[in-house]
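Comments concern the structure below.
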């Protein structure tokens with residue numbers, strides 16, 4: 001088995017597990033974790049490609065909701081704490097990138113003469 005076949009086999013296994021998780025989650029699990037989704041079956045086929053790709057995250061979040069172990073009050077705490085630091089670092093970083101780019105820009109060779117572009121010729125049929 002070469003490397004391409006191994007990658008292809010890995011993708012097939014990943015997609016197969018994702019298909020099983022999608023079938024179980026979209027038929028049973030969706031109704032259990034979201035009361036607004038009860039009885040709404042038309043949109044569920046649209047979720048199949050996403051569940052095929054991120055099935056470990058779907059299983060983890062399903063487990064968290066089923067066991068009621070989610071600490072929703074602490075969910076957005078870390079991003080909020082980082083807002084001030086990011087708000088200060090981002091403008092400084094952008095300014096440094098622009099200044100570095102202006103200092104490192106290359107100069108055009110002086111021995112190449114500029115060429116004036118002309119309009120394309122009309123085509124007659």
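The values are calculated or read from the model by the stated rules, or taken from the named source; none is laboratory data. In this text, all values refer to a predicted model and were calculated from it rather than measured experimentally. Positions of Cβ are backbone-derived with ideal geometry, glycine not excepted, and every protein chain shown enters the neighbour counts.
Some observations on this one:
- Residue satisfying condition, being over 24 Å from the mean Cα position of the chain (by Cα), surrounded by 10 or more Cβ atoms within 10 Å (Cβ to Cβ) and modelled with pLDDT of 90 or more, within set 6, 22: 6
- Selected residue (only one of 67, 107, 100 is over 24 Å from the mean Cα position of the chain (by Cα) and at pLDDT below 80): 107
- Output for the range 28-44, where each listed residue is in a helix (DSSP H, G or I) and touching a helix residue (DSSP H, G or I) at 6+ places or on another chain (Cβ under 8 Å): 29, 30, 31, 32, 33, 37, 44
- Of all residues making up the range 72-97, the number that are in a helix (DSSP H, G or I) and either at pLDDT below 80 or touching a strand residue (DSSP E or B) at 6+ places or on another chain (Cβ under 6 Å) (or both): 9
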